[in-house]
Amino acid sequence: MQIREALISDAATLLRLFNQLDAETDFMLFEPGERQTTESEQQAIIAAFAQSERRFMYVAETVGDIIGFCVLVGNQQRRNAHTASLVIGVVKSHWRHGAGAKLLEAVIGKADTAGIERIELTVRTDNQAALALYQKFGFAIEGERIGSLNIGGNRFNEFYMARV
């Protein structure tokens, strides 16, 4: 498995990955079919990340297939420039095989060199595997959002987590 920064040429493959993640797990934010990003829009997003010193997009690749991603978006204002938000997703067939850990390791290393001292995320309270992974990397629960997600008519809570 290779962990690398996303390339503009990955746009179509990333969109397929995002759509697969949306369909195979309800731990992601988007519902199946809700994502409307076009390939050219995804190319522009990747290009913007590549030119930024505070935004990073990494992918996990196996035998030419992208099986996971991790995005870190750093804040721009002086008062919170030391913080960034994180999103990660790995296809179900590769859960618990180290892709998430390798993506986090790469993004956290990049954040450290960029002077980002605080990484924030939200995670469903019932996503035990993700919670364990985040805690392994030093993330701590800071609060809980009650009923913040509506999935199939059911409300789910999320934890706010941060790594400082």
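The values are calculated or read from the model by the stated rules, or taken from the named source; none is laboratory data. On a predicted model such as this, the values are computed, not experimentally measured, just so you know. Glycine gets a Cβ as well: all are built from the backbone with ideal geometry, and neighbour counts include every protein chain shown. Quick note on the areas: whole protein, heavy atoms, side chains included, nothing else; ligands and nucleic acids left out. Shrake-Rupley method; radii C 1.70, N 1.55, O 1.52, S 1.80 Å.
Could you list, in sequence order, the residues of the stretch 77-111 that are open to solvent by less than 10 Å² (accessible area, probe 1.4 Å), touching a helix residue (DSSP H, G or I) at 6+ places or on another chain (Cβ under 9 Å) and more than 22 Å from residue 160 (Cα to Cα)?
Within the stretch 77-111, 91 is the sole residue that qualifies.
Looking at the stretch 2-20, I want the residues that are closer than 13 Å to residue 37 by Cα and have a partner that is of a type in the set (Lys, Arg) and outside any helix (DSSP H, G or I) with Cβ atoms under 7 Å, at least 6 apart or on another chain. Which pairs are those?
Pairs that qualify, where the first residue is closer than 13 Å to residue 37 by Cα and the partner is of a type in the set (Lys, Arg) and outside any helix (DSSP H, G or I), are 18/35; 19/35.
Name every residue in the stretch 87-129 that is of a type in the set (Lys, Arg) and over 22 Å from residue 17 (Cα atoms), in order of residue number. Let's see the steps before the verdict.
Residues of the stretch 87-129 that are of a type in the set (Lys, Arg), as a first pass: 92, 96, 102, 110, 118, 124.
Hits for the stretch 87-129 are 110, 118.
With 74, 64 as the choices, which residue is of a type in the set (Gly, Ala, Ser), surrounded by fewer than 17 Cβ atoms within 10 Å (Cβ to Cβ) and within 29 Å of residue 12 (Cα to Cα)? Full working, then the answer.
Values: 74 fails: surrounded by fewer than 17 Cβ atoms within 10 Å (Cβ to Cβ).
Exactly one residue qualifies, and that residue is 64.
From the set of residues in the stretch 126-164 that are hydrophobic (A, V, I, L, M, F, W, C) and farther than 15 Å from residue 27 by Cβ, which is surrounded by the most Cβ atoms within 10 Å (Cβ to Cβ)? It would help to see each step written out before you state the result.
Let us first name the residues in the stretch 126-164 that are hydrophobic (A, V, I, L, M, F, W, C), namely 129-133, 137, 139-141, 146, 149, 151, 156, 159, 161-162, 164.
Imposing the further condition that a residue be farther than 15 Å from residue 27 by Cβ reduces the set to 137, 139-141, 146, 162, 164.
Details: 137: 14, 139: 23, 140: 12, 141: 14, 146: 10, 162: 18, 164: 12.
Only one residue fits best here, namely 139.
Among residues belonging to the stretch 112-125 that are over 14 Å from the mean Cα position of the chain (by Cα), at pLDDT 95 or above and within 20 Å of residue 53 (Cβ to Cβ), point out the one that is most open to solvent (accessible area, probe 1.4 Å). Show your work before the answer.
Going residue by residue through the stretch 112-125, those that are over 14 Å from the mean Cα position of the chain (by Cα) are 112-118, 125.
Pick out the ones that are also at pLDDT 95 or above and you get 116-118, 125.
Checking which are within 20 Å of residue 53 (Cβ to Cβ) leaves us with 116-118.
Values: 116: 6, 117: 121, 118: 51 Å².
Per the criteria, the residue is 117.
Filter the stretch 27-57 down to residues that are surrounded by 12 or more Cβ atoms within 10 Å (Cβ to Cβ) and either within 19 Å of residue 3 (Cβ to Cβ) or not charged (D, E, K, R) (or both), then give me how many there are.
18
Within the bounds of the stretch 11-26, is there any residue that is touching a Pro at 6+ places or on another chain (Cβ under 8 Å) and open to solvent by less than 10 Å² (accessible area, probe 1.4 Å)? Spell out how you get there, then give the answer.
Kept after step one, since they are touching a Pro at 6+ places or on another chain (Cβ under 8 Å), are these residues of the stretch 11-26: 19, 22-23.
Narrowing the set further to residues that are open to solvent by less than 10 Å² (accessible area, probe 1.4 Å) leaves 22.
Yes: one or more hits.
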